[in-house]
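Chemist: I have a structure here, written as structure tokens, and I will follow up with some questions on it.
Read-outs: derived from the displayed coordinates by stated rules, not from any lab. The model shown is predicted, which means the values in this text are computed figures rather than measured ones. Backbone-built Cβ (ideal geometry, glycine too); neighbour counts: all protein chains shown.
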Amino acid sequence: MKIPIWQVDAFAGRVFGGNPAAVCLLESWLDDGLLQSIAAENNLSETAFLVGGSGRYRIRWFTPRREVDLCGHATLASGSVVFDQLEPGRLNVVFDSKSGPLTVVREGELLALDFPARPAEPIDPPPELMAGLGGRPREVLAASDYLAVYGSEEEVRGLCPDLETLEELDRRGVIVTAPGHDVDFVSRFFAPAFGIPEDPVTGSAHCTLIPYWSKRLGKKSLHALQVSDRVGELYCEDRGERVKIAGRVALYLEGNVFVE
């Protein structure tokens, strides 16, 4: 069996930046174990699998360890594959997912995601979170992920968390964030339980970050950086129950996966 595959660096205008995602086009769904094996072999934070055509596809995302219900950067990458490889000239595509229909639209040199908002609520942080982060946040909230808010960009950049401790937490991962120097906010994201020690750029984390910073800063349009080693740039908008997350992409490779 030969499966077409593309690797795209999402939320970056050049290769070797942003977050690399694999995109595989299937004629029909394969066994879940095989999909997981392909994702593990790719060893990227996410591999997206697509089934469909004519501007509408079903999409599933797998980390090296498990399937997830929402992924931003691999959806952005999938949109670029549709626009540039599968259906040249198309300007919008809908991906049907476990989190509902997700739209990607071309806006000039940017691709824009329409995703559900996931606002966080203040909580009393579990001791494991505070021990694992290695730095004391100003406040802690939670939605699908924990959200730890710090006072400065330098604090976020300087964190060296204990990933073994964070792996024991009861949520998908931990977002850390602070005001940015040249942007509205910066962030990092850790999800060791999902096989992702630190994710380079996390679109889905911005489903929680955007409502938080929109309310705190009193503005709907936001400019963000995820300050991992690879760095990702995101252009965001708070739309109430939905959020817009836009960025650039760069194609790194294309080829085929061969499986029996």
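Chemist: What about A48, is it in contact (Cβ under 8 Å) with a residue 40 or more places away in the chain, closer than 16 Å to V249 by Cβ and of a type outside the set (K, R)? Steps first, answer last, please.
Modeler: Numbers: in contact (Cβ under 8 Å) with a residue 40 or more places away in the chain: no; closer than 16 Å to V249 by Cβ: yes; of a type outside the set (K, R): yes.
Criteria not met by A48.
Chemist: Right, here's the next one. Could you list, in sequence order, the residues of region 33-49 that are farther than 11 Å from I3 by Cβ and either out of contact with any Phe, Trp or Tyr (no Cβ under 7 Å at 6 or more places or on another chain) or surrounded by fewer than 19 Cβ atoms within 10 Å (Cβ to Cβ) (or both)?
Modeler: Within region 33-49, G33, Q36, S37, A40, E41, N42, N43, L44, S45 qualify.
Chemist: State yes or no: is E233 surrounded by fewer than 20 Cβ atoms within 10 Å (Cβ to Cβ) and either touching a residue at least 40 places away in the same chain (Cβ under 8 Å) or not in a strand (DSSP E or B) (or both)?
Modeler: Working: surrounded by fewer than 20 Cβ atoms within 10 Å (Cβ to Cβ): yes; either touching a residue at least 40 places away in the same chain (Cβ under 8 Å) or not in a strand (DSSP E or B) (or both): yes.
Against the criterion (surrounded by fewer than 20 Cβ atoms within 10 Å (Cβ to Cβ) and either touching a residue at least 40 places away in the same chain (Cβ under 8 Å) or not in a strand (DSSP E or B) (or both)), E233 qualifies.
Chemist: Mind checking which residues of region 1-19 are part of a strand (DSSP E or B) and either closer than 27 Å to F189 by Cβ or charged (D, E, K, R) (or both)?
Modeler: So the first thing to find is which residues in region 1-19 are part of a strand (DSSP E or B), and the list is 2-10, 19.
Listed by number, the residues that qualify are K2, I5, W6, Q7, V8, D9, A10, N19.
Chemist: May I pose another question? Looking at region 28-37, is at least one residue of a type in the set (D, E) and free of Cβ contacts under 8 Å to residues at least 60 places away in the same chain? Quick ask: steps written out before the conclusion?
Modeler: Initially, region 28-37 is screened for residues of a type in the set (D, E), giving 31-32.
If we keep only those that are free of Cβ contacts under 8 Å to residues at least 60 places away in the same chain too, we end up with 31-32.
Yes, region 28-37 has at least one match.
Chemist: Taking region 20-58, which residues are hydroxyl-bearing (S, T, Y) and either more than 16 Å from the chain's Cα centre (by Cα) or in a strand (DSSP E or B) (or both)?
Modeler: At the first step, the residues of region 20-58 found to be hydroxyl-bearing (S, T, Y) are 28, 37, 45, 47, 54, 57.
Passing the criteria: S28, S37, T47, S54, Y57.
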